[in-house]
Each structure stands twice: as C-alpha cells, then as structure tokens.
Amino acid sequence: MKLDQFLKFQGVTLTGGQAKHLIQSGFVTVNGELEVRRGRQLNAGDIVTVEDESFEVE
C-alpha cells in the first residue's frame with residue numbers, strides 16, 4: 001500500500017489531496033524518518049507517524 005492511500009485508509013485524511021499536503025509539509029515519518037514521497041511503498045511492520053499519532057502497517 002502506498003503512503004497516501006494508507007493515511008486515507010486510517011482516517012487521518014479524507015482525500016488524496018489532504019494526504020499529499022500533509023506528507024509534503026513534513027508532518028509524516030515512516031520508521032522514524034521524515035518521508036515526503038506520497039507514493040512511498042509501505043510494508044508490513046512499518047510504523048507511520050503523523051504528528052503525535054502512530055499507526056502500524058499490517
């Protein structure tokens with residue numbers, strides 16, 4: 001699953017445009033590293049953090 005799709009799936013954003021803005025604004029990390037690519041492929045076990053909330057990819 002791609003990062004922008006994951007954010008929508010988790011209910012963090014409602015639209016792809018919102019996900020894109022959140023990611024490109026520097027509010028999202030994957031496994032503790034800043035990620036600005038909305039098409040980043042996620043794998044099971046990855047931890048996505050948006051501001052103070054974390055989600056594990058299953």
How many residues does the stretch 27-48 contain that are out of contact with any Leu (no Cβ under 8 Å at 6 or more places or on another chain) and surrounded by 16 or more Cβ atoms within 10 Å (Cβ to Cβ)?
-> 1
Restricting attention to the stretch 15-26, the residues that are under 9 Å from the mean Cα position of the chain (by Cα) and either over 11 Å from D4 (Cα atoms) or open to solvent by 90 Å² or more (accessible area, probe 1.4 Å) (or both) number exactly 0
Need at least 3 residues that are aliphatic (A, V, I, L, M) per element, so show me which strands (runs of 3 or more DSSP E) inside the chain make the cut, counting only ones lying wholly within it.
-> 47-50
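The values are calculated or read from the model by the stated rules, or taken from the named source; none is laboratory data. What you see is a predicted model, and the numbers here were worked out from it, not measured in a lab. Backbone-built Cβ (ideal geometry, glycine too); neighbour counts: all protein chains shown. Side chains are part of the model used for accessible areas, which takes the heavy atoms of the whole protein and leaves out ligands, DNA and RNA. Shrake-Rupley method; radii C 1.70, N 1.55, O 1.52, S 1.80 Å.
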